[in-house]
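Structure record follows, encoded as structure tokens.
What follows draws every value from the coordinates through simple rules; no lab data is involved. Every value quoted in this text rests on a predicted model; they were computed, and no experiment measured them. Every residue, glycine as well, gets a Cβ built from its backbone with ideal geometry; the counts of neighbours run over all protein chains shown.
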Amino acid sequence: MPPPVFRFAPSPNGYLHLGHAYSAMMNFDLARAAGGRLLLRIEDIDATRCRPEYEAAIYEDLEWLGIAWEPQVRRQSDHLDLYREAVDRLASTGLVFPAFESRAEIARLVADREASGAWPRDPDGAPLYPGQGKQLTADERSALIAAGTPYALRLDMAAAVAQVGELSWHEDGRGPGGETGLVRAQPLDWGDVIIARKETPTSYHLSVVIDDALQAVTHVVRGADLFWSTSVHRLLQTLLGLPAPTYRHHDLIRDAAGRKLSKSDSSTALRQLRADGATPADIRALVGLAASA
């Protein structure tokens, strides 16, 4: 049996902070304890926010922490054609539709609906897609695309769920409600999620499941804020015929006010803590991990 495969997959849109260190060190510790492999993936599909200096800082910070990964780092921006092919496969089944509303237009639609009562929101608190993209005719869509109207490609969630039926995943960690073991996926809670945009042929949800499959990742260890995103990931894995890894969602490292750490907060950035005299052992102690063997 091949060894288990873990991965750490940061985005180079800011400097790593204590929360990233916790996740990276946990993946490193678990891979080493299991006699497995640790891969590093750079999730840089957001060309407007990702910068080379942040990517360089990721390597520097991880090396300083004593984390070793296998060579051949995977950069998502090098594989856009693969994601585009996956979008085309989904579109060929009739499960994808273009939505032309801007963010401002969606905000207005949500406000209009909430004026008459509550409008559903996804597990992250964002309102579900309220637009009429699915109701447009083929000619109407073609005309808007020909006119250069920006659009997002969304997954027809109800149709997709009807096609695949019930889904679940194996959780080695614990969800926000104490969920562990076999967890039932609830993709309908996310509404018609974006899987690609006109200018970017993928999204986080789509690229992460393709990358995990192509890199033969067997164990996904990540923050609890992504727990319910796994519902969407299991759906996409099933639609695309991809394997499902085992998941483990860990607690988030929070600031003194109990807020999730942000890359914009320099006080928790690893480079700042290092400049202030912190050692890798100090970082492990700060996030509650045992000293490295």
Q.
Residues that are exposed (fewer than 13 other Cβ atoms within 10 Å of the Cβ), of a type in the set (Val, Ile, Thr) and not in a helix (DSSP H, G or I): does region 55-72 have at least one?
A. no
Q. Considering region 56-95 alone, what residues qualify as being among the hydroxyl-bearing types (Ser, Thr, Tyr) and either closer than 29 Å to VAL232 by Cα or touching a residue at least 60 places away in the same chain (Cβ under 8 Å) (or both)?
A. SER77, TYR83, SER92, THR93
**Q.** Subset of region 146-175 [out of contact with any Leu (no Cβ under 6 Å at 6 or more places or on another chain) and of a type in the set (Asp, Glu)]
**A.** GLU166, GLU171, ASP172
Q: Scan region 73-83 residue by residue and report those that are in a helix (DSSP H, G or I) and closer than 21 Å to TYR15 by Cβ.
A: GLN76, SER77
Q) Which residue out of ALA34, ALA24 is buried (at least 21 other Cβ atoms within 10 Å of the Cβ) and among the small types (Gly, Ala, Ser)? A) ALA24
Q. Which ones in region 185-239 are over 25 Å from ASP29 (Cα atoms) and of a type in the set (Lys, Arg)?
A. ARG197, LYS198, ARG234
Q | Matching option when the condition is hydrophobic (A, V, I, L, M, F, W, C) and more than 16 Å from GLU166 (Cα to Cα), among ALA244, ALA275 | A | ALA275
Q: Using the structure shown, decide if GLU43 is in contact with a helix residue (DSSP H, G or I) (Cβ under 6 Å, 6 or more places away or on another chain) and either free of Cβ contacts under 8 Å to residues at least 12 places away in the same chain or within 26 Å of LEU240 (Cα to Cα) (or both).
A: yes
